[in-house]
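The values are calculated or read from the model by the stated rules, or taken from the named source; none is laboratory data. Here the structure is a predicted model, which means the values were calculated and not measured. Cβ: placed from backbone, ideal geometry, glycine included. Neighbour counts: every protein chain shown. Calculation scope for accessible area: heavy atoms of the full protein, side chains included, ligands and nucleic acids excluded. Shrake-Rupley method; radii C 1.70, N 1.55, O 1.52, S 1.80 Å.
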Amino acid sequence: MNKAPIEMMKEVNTKQEQARYTRAFSGFWLNLWKGNPPGTFLLLVSLLTGLAMLVPLSYVFIRGIQGGVDRWLNLLDTRIPILLYNTLSLTIVVTFFAIVIGLSLAWLVIRTDLPGRKTWQWLLALPLLIPPYVGAITYIIIFGPRGWVRDWLGAPLFNIYDFWGVVFVLTMFTYPYVYLITSAALKRYNLNYEEAARAAGLSYRHVFIKAVFPLLRPAIGAGAILVALYVLSDFGLVAMMRYTTFTAAIYYQMGNYDQVAAAILSVVLILITLLFIWAEAKTREKQRFYQSKGTPRQAPLIELGWWKGPLLAYASIIFGLAVFVPLSVLAYWASVGLTEGVIDQRFWGFAWNSFYMAGMASLICMFLALPVVYMKSRNPSIVSTVVDKLAYAGYALPGVIVALGIIFLFNQYIPFLYGTAALVITAYVIRFLPQNMQAADAALSQVSPRLDEAARISGFRPWQVIVKVILPLVTPGLLAGGALVFVSAMKELPATLLLRPPGMDTLAVRIWVDASEGFYQTAAPAALLLILLSIIPLRWMLSKY
Amino acid sequence: MFDIELLSVTKKYAGTEKAAVQGLCLSVEKGQILTLLGPSGCGKTTTLRLIAGFERPDQGKITLRDRVVSHRDSWIPPEKRDIGMVFQDYALFPHLNVIDNVGFGYRGTDKKGRVQEVLQVVNLQGFEKRFPHELSGGQQQRVALARALARKPVVILLDEPFSNLDAELRVQMRVEVKEIIKDAGATAVFVTHDQKDALAISDRIVVMKDGVIQQSGTPREIYQYPETPFVATFVGQSNLLPGQIGDDGQSVITEIGQVPCNHTHNLARGEKCYISIRPDSLEVDPEGSIVGKVKQWTYTGESIDAVVDTVTQKGTNQELLVHIHPEKIVQQGEILRFKVLPNFVAVLRSDREFS
Amino acid sequence: MFDIELLSVTKKYAGTEKAAVQGLCLSVEKGQILTLLGPSGCGKTTTLRLIAGFERPDQGKITLRDRVVSHRDSWIPPEKRDIGMVFQDYALFPHLNVIDNVGFGYRGTDKKGRVQEVLQVVNLQGFEKRFPHELSGGQQQRVALARALARKPVVILLDEPFSNLDAELRVQMRVEVKEIIKDAGATAVFVTHDQKDALAISDRIVVMKDGVIQQSGTPREIYQYPETPFVATFVGQSNLLPGQIGDDGQSVITEIGQVPCNHTHNLARGEKCYISIRPDSLEVDPEGSIVGKVKQWTYTGESIDAVVDTVTQKGTNQELLVHIHPEKIVQQGEILRFKVLPNFVAVLRSDREFS
Amino acid sequence: TTTGSDALEETKELVIYSARNERFVQPLLDSFAEETGIEVKLLSAGESSVNRIMEEKNNVQADVFFSNDTGAMEYLRLEGLLQGNTSQALNIIDPMYRAEDGSWVGLSARTRVLMYNKDLISEEEIPKTLWELTDPKWAGEFMITRGGNSSMVAHIAALRAEWGDEKTKEWIEKVRGNAGAVVNGHGDVRRSVGAGEFKFGLVNNYYFHQQLSEDKDNNVGAIYPDQGADGMGAFVNAAGVALIKGAPNEANARKFIDWILEAEQQKFFAYESMEVPLNPAVEANPIAMRIDEYKVMDMPLQELGPVWVDVKKLIEEAGLDLDL
Ligand SMILES: Nc1ncnc2c1ncn2[C@@H]1O[C@H](COP(=O)(O)OP(=O)(O)OP(=O)(O)O)[C@@H](O)[C@H]1O
Ligand SMILES: Nc1ncnc2c1ncn2[C@@H]1O[C@H](COP(=O)(O)OP(=O)(O)OP(=O)(O)O)[C@@H](O)[C@H]1O
Ligand SMILES: [Mg+2]
Ligand SMILES: [Mg+2]
């Protein structure tokens, strides 16, 4: 009886303590989010996304570290230096040419009176649809040691398997990244800068150098980093063209049951990728500036005068090399294939698999991109920044590495889904979510945070605000991003190769398998269909960019 | 009863050195319109956002209708504060037409009727089906106001709602908004950096600077009896002179002579102070005791704003800003005589900092 | 000698129905400041862009310093016109700091000195290394002005250069810009929709509406003797009443009685006209002939702007806007008597359209 | 004794991982599916099949592994990933070409040959032993595949068993130096030699057979090396099938292995891929030499498994590219 009051006191104490802890936690929580915590649903979706993206990274690093000092030293001595040289030189050279071609074409079709510029605007984006390894196949068919040119002339004109051959083919099929992003930037460009420069007495050439180019630099950088990341992660093309970069080496290591070496090479590759991303961010940091909105005035077209002819020829040549030639070769082999009757039930099955998995991936990306981007923009905090950065990690991860991580994850933790399309779709999501995020980010940045606030003050909870206000406004952007994801996923090869469940080959895999064994007549129809299926999303995307 | 109460609220944005709002105490009575007036960056918007719940104060307590909405560990999110807000940039939903914008978030069953009602109040009938981009700036602002009113909120916050209107519409809207708010029986906080807006619309004005309150009072108090040099110069133009209270307690002895004043803040004779002379109180008068040379003048239609160089009794130079009748022709370099009318002369305590 | 001359210039934008600028004739003398004043969308910016050469007129001729820069078959591109321009949104290069922005396009060898010089003129020393996004709106505007001045252009075009400044800075900048332009001996065209700016800064004002010139003259002419109802109401507030010239030729007979005027545009006795009475010309006077009831009032510090309901001699209602001395306490519903002072009364021809 | 497939759960599908060229596998699977009504799912994962099987050891997906290399199968067996098989059907294959426990069984032989372009070089000139490839006179004249190619790894493992570490290393180093091109796969080698890019190349015999049946660039020949009286003989690897431990459709997998060992399937298989059946009773493609017509290295293929990792290390140390 005596104890009762003490017990009661204790109880009161613990209750108070609990209350204090709750209060302390809620205080901490509010401070963490600077007084503006996100809704539970938003937070959960974002955190899950971030975690999913973390899997391949951590898998690779853990495996790589488990490799032990000896393997590291051994690889550092022997293979890594050569691979480094191969990979870096290729990345830098291709990126450079892609910038030159992409920027010049973007400027030509947006700002000059190039005849047929509206048509060119989207014709020149078409190479985005052609998987680079397909491009490589077509060029090998023409210029390869046993190609058509040798058949006609008796000897191949040059060695396509040369460094410059690889550079050429890669450039032709990656320049659209720079082209598309700089085109969009040129359309948004505030003309007043140009006019201010002209009012200052500068000729157009100087205006371009001093006022246009510097303001396009962020866009060029964004495009260039996409090209560089593509080159770093490409497997199909370099394998076809017998050029070994890190990604190819990792894939071959896998074939040799050597997970450890693969993981070690992957760690190095991730570091290189991060280096590129960091360097790009660094150059932008120095140029942190904001264009004012400006009046949405129709830009006057620059008259090309007698340059019209040569520049038209230039655009035509690029189009010819990057679109016409590959498509013609494909059309030829496809016609051979059609007469042989390769388009059977199975073929349509592959097409459906491609369509289904790419479609699912793009749907999921559209669903995931908004919460992450939204949370970063509207609920800034260390948490949202980390989730955002993680989600962008997919960009830096070559498909092979993503595949390794996913195999591990599903085997260990979600075995019942292992061996289903879920793996491939997950890989696509991890790899291409950033593309959707960028589009969503761009769309969201057009939506003033004041609109959210106006909606909340009208009595809506955060998730209601997203549904009622944000979603209707960013849907076009989200869809454009989804279209881009779809196009990329249709083309994806390395992760698909490693992850596809038995009997679920995609068009890309078929192209690869058939072409690497020289069966062009079966590869070509698949390639053509793949390109065809991607055209509609691309058009949609272009209309939104 | 106060509808809105802020108790020593401080807010510092992450990454900035100075607090945007420092130890702010405000209270607005039910049905009143309070105006926050101050130069750009003084923390007006921040104060509104604190009241609305878009920012969380670092310190202090905010009460709305006797409900603590923000304190150390308690927090009521914006959507539960029952507030209407007109944003500086309107923040109309671009994907909704006027009706849907105004009715946004309205929960009652008489949505349609209520929307029509407020549209009538802001004089926008006939625009129901338009989308925001099909409206002029002024019309958009009125839609924003209608949206804020529709839900009959307890508290209405207006962030520079007239900033984008041209002079004519502005004058008209001032009157209308005041009436609308009064009719709705709402309590309002209104933000502006335009003194005309503030004087015209408010029951009380709070003049802020650098996140700190300088003076608070009725429009007349603020304009006629500014307490600090900052308020005197920010709210209307003014000439500030140091001086001391004259022996009669009804005038101030300054370098340009003894100036009669109506109000001396009960300062003792001989005490040091500042004096604020509005340009309108200096009248051209051939008999006047102040002599000056026109240094520069600007025609403004309603008057000629002239800067006049006078020589003080100590022999130093003193520039005075004078409003001259607009029909007079003034020449640069012309010598004029002035006298001081007591009406617009205010005595400021000299212990307040001069800035 | 005219430095800038536009001869019946017309410009219609592709895809629009009405010409943005219609048959515009303008001439600016060397060293003068001309202001284009008008409501939004009246073609002010278009006119500037035509002068600068960013747009090509459909018809008409533009001459700068006796050089035809734009005519049917001749065309000189903007970079060869030797103009300086301050853009409405400043258009500062975001990738360049203040020095490089100001020195942009400067060809002389004394670049550094010249930049320092103009920075001093606009009072921005010490900001040399800042980037545009690190400056306040007012500072950015001054950088834009400095950039336009640096190259000592013959012609300076300013598109609403004060639109983003607050009242105080605005008053100050008006004077400074005027001085700067005068000192530089430049010829300037200045665009604004703010009548105060226009009155303060200009040698001549051109009032535009819908792409057509309404009236052109000195600030005083525009304010005191507006020729059309549009000008009367756009430049300053005004009460417009129909009437006819009185028998003495010095007054107008209106519904509120006979109003004395100083200037009747030589209209004949008995001729129909409009009369514009500025609110300042209505003075409260117990002896006054006009009786009215205060319908609404607004305290503005410098005065009380009241709307007064009067009953005309015909028995109809007429609202008048009146400025009352700010120290007077006015009540809604109060009955007041007024008289009309002749100074601010202007007679307008009634054959000009009323709008 | 049969393991009593009735004791095993009846399922309707069969999952096959294959490192083999899909062209040759697919028709076979189609006819199995037709005969039995079992749905066959094929994953042509190339050399990464082994990898996947290893990764999936706790969550087995595949039932059967179709390999082109006994080394890979034995490696998996040693890792404990294969399931023993006592089916009588296995007995028609020489024990040298199957696992102790029957978990894998070879189906066809793939012999390492030097394939040459008859336009560029005559049968007399061509080197007769593998060691001769180290002769500087062949510098730049021939092609080999990368060291990581599983046929190459197996081949080098056999050489190492014959020669020991030092000599093997020397051979690799010199051959690497002499080779005109080191390429990814044998398909490249046969096409390039056929097209006359190089005089000869080291390939598996059926690549030679395939090149012969091309409609152009087919003027090629091949010699089986080291056939001299004291020669060590040509190295024969085998392609085969393996039964995976924990296979979800084990009954079907066993049924399939039994089925594929039937003569009819063997013949079809060998004809298509132009490999040589290990079952001497089955008739080979006429352009291929029968396995008893030449001298083979007498090394049981089971021995390849344990040395696999060491061999790769050796290759790596000797400087032959593991990857390309
Ligand atoms: N999100 C933010 N992060 C950091 N500093 C901020 C932020 N918002 C405002 N500030 C700073 O806080 C101060 C007060 O800003 P606030 O927006 O309240 O000013 P204001 O009085 O509304 O000015 P204006 O009249 O220009 O709108 C300013 O110095 C501003 O730079
Ligand atoms: N590029 C254009 N294309 C089509 N119409 C235009 C274009 N630029 C201006 N206009 C139209 O021409 C008219 C005059 O525009 P201008 O920009 O000259 O107006 P402003 O007087 O400068 O107005 P503000 O005060 O709003 O800047 C407006 O009706 C406008 O809509
Ligand atoms: Mg503000
Ligand atoms: Mg304009």
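Quick notes
- All positions within segment B:42-59 that are within 9 Å of ligand 1 (Cβ to nearest atom) and touching a residue at least 12 places away in the same chain (Cβ under 8 Å): B:C42, B:G43, B:K44, B:T45, B:T46, B:T47, B:L48, B:E55
- Scanning segment C:253-284 for residues that are more than 30 Å from C:D194 (Cβ to Cβ) and in a strand (DSSP E or B) turns up C:I253, C:T254, C:G257, C:Q258, C:P260, C:K272.
- Of note, D:E214 does not satisfy the criterion of being surrounded by fewer than 23 Cβ atoms within 10 Å (Cβ to Cβ), within 30 Å of D:E39 (Cβ to Cβ) and of a type outside the set (A, V, I, L, M).
- Each residue in segment C:235-294 was checked for being small (G, A, S) and under 24 Å from the mean Cα position of the chain (by Cα), and 4 of them qualify.
- Within segment C:169-177, not a single residue is assigned by TED's automatic domain parsing to the domain that holds C:S27 and within 16 Å of ligand 2 (Cβ to nearest atom).
One line per residue, one yes/no per condition, for (1) within 30 Å of B:R72 (Cα to Cα); (2) part of a helix (DSSP H, G or I):
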site: A:N36; (1), (2): yes, no
site: A:L42; (1), (2): yes, yes
site: A:L54; (1), (2): no, yes
site: A:S58; (1), (2): no, yes
site: A:I62; (1), (2): no, yes
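- Criterion: farther than 16 Å from A:L363 by Cβ, β-branched (V, I, T) and crowded, with 24+ Cβ neighbours inside 10 Å - qualifying residue of A:I414, A:I457, A:I430: A:I457
- Filter pass, A:A299 being away from ligand 1 (no atom under 16 Å from the Cβ) and either at pLDDT 90 or above or assigned by TED's automatic domain parsing to the domain that holds A:T174 (or both): no
- All positions within segment B:53-76 that are open to solvent by less than 30 Å² (accessible area, probe 1.4 Å) and away from ligand 3 (no atom under 13 Å from the Cβ): B:G53, B:R56, B:P57, B:G60, B:I62, B:T63, B:L64, B:V69, B:S70
- The single residue among C:Q140, C:Q195 that is more than 25 Å from C:E29 (Cβ to Cβ) and in contact with a strand residue (DSSP E or B) (Cβ under 7 Å, 6 or more places away or on another chain) turns out to be C:Q140.
- Scanning segment D:127-150 for residues that are open to solvent by less than 10 Å² (accessible area, probe 1.4 Å) and under 16 Å from D:M115 (Cα atoms) yields D:P127, D:L130, D:L133, D:F142, D:M143, D:I144, D:T145.
- Residue list for segment A:272-289, filter: more than 16 Å from A:L226 (Cα to Cα) and either modelled with pLDDT of 85 or more or not in a helix (DSSP H, G or I) (or both): A:Q287, A:R288, A:F289
- First in segment B:158-173 and under 16 Å from C:K196 (Cα atoms) and open to solvent by less than 10 Å² (accessible area, probe 1.4 Å), second anywhere and assigned to a helix (DSSP H, G or I) and away from ligand 3 (no atom under 13 Å from the Cβ), Cβ under 8 Å, 6 or more apart: none
- All helices (runs of 4 or more DSSP H) inside segment C:139-234 with 3 or more residues being among the aliphatic types (A, V, I, L, M) and within 11 Å of chain B (Cβ to nearest Cβ): C:167-184, C:195-201
- Residue within segment A:241-261 that is under 30 Å from C:F131 (Cα atoms) and at pLDDT below 85 present: no
- If the condition is being more than 21 Å from A:A421 (Cα to Cα) and touching a residue at least 40 places away in the same chain (Cβ under 8 Å), then segment A:502-526 contributes A:A515, A:S516, A:Y520, A:Q521, A:T522, A:A523, A:A524, A:P525.
- Restricting segment A:205-219 to residues that are more than 8 Å from chain C (Cβ to nearest Cβ) and open to solvent by 10 Å² or more (accessible area, probe 1.4 Å), the residue that is nearest to the chain's Cα centre (by Cα): A:A219
- Residue count for segment C:93-119 satisfying the condition of being more than 33 Å from the chain's Cα centre (by Cα) and within 13 Å of another protein chain (Cβ to nearest Cβ): 4.
- Checked against the criteria, C:L92 does not count as out of contact with any His (no Cβ under 7 Å at 6 or more places or on another chain), hydrophobic (A, V, I, L, M, F, W, C) and either within 16 Å of ligand 4 (Cβ to nearest atom) or open to solvent by 40 Å² or more (accessible area, probe 1.4 Å) (or both).
- Qualifying residue in segment D:138-157 (condition: within 14 Å of chain A (Cβ to nearest Cβ), within 17 Å of D:F235 (Cα to Cα), touching a Ser or Thr at 6+ places or on another chain (Cβ under 6 Å) and not in a helix (DSSP H, G or I)): no
- Scope segment B:1-24; condition of a type in the set (A, V, I, L, M, F, W, C), out of contact with any Cys (no Cβ under 8 Å at 6 or more places or on another chain) and surrounded by 14 or more Cβ atoms within 10 Å (Cβ to Cβ); matching residues: B:F2, B:I4, B:A19, B:A20, B:V21, B:L24
- Leading residue by the ranking (surrounded by the fewest Cβ atoms within 10 Å (Cβ to Cβ)) among those in segment C:284-330 that are within 14 Å of another protein chain (Cβ to nearest Cβ) and polar (S, T, N, Q): C:Q296
A quick yes/no check of all residues on (1) under 22 Å from D:P27 (Cβ atoms); (2) in contact with a helix residue (DSSP H, G or I) (Cβ under 8 Å, 6 or more places away or on another chain); (3) small (G, A, S):
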site	(1), (2), (3)
A:P326	no, yes, no
A:L338	yes, yes, no
A:G341	yes, no, yes
A:R346	yes, no, no
A:N353	yes, yes, no
A:M357	no, yes, no
A:A361	no, yes, yes
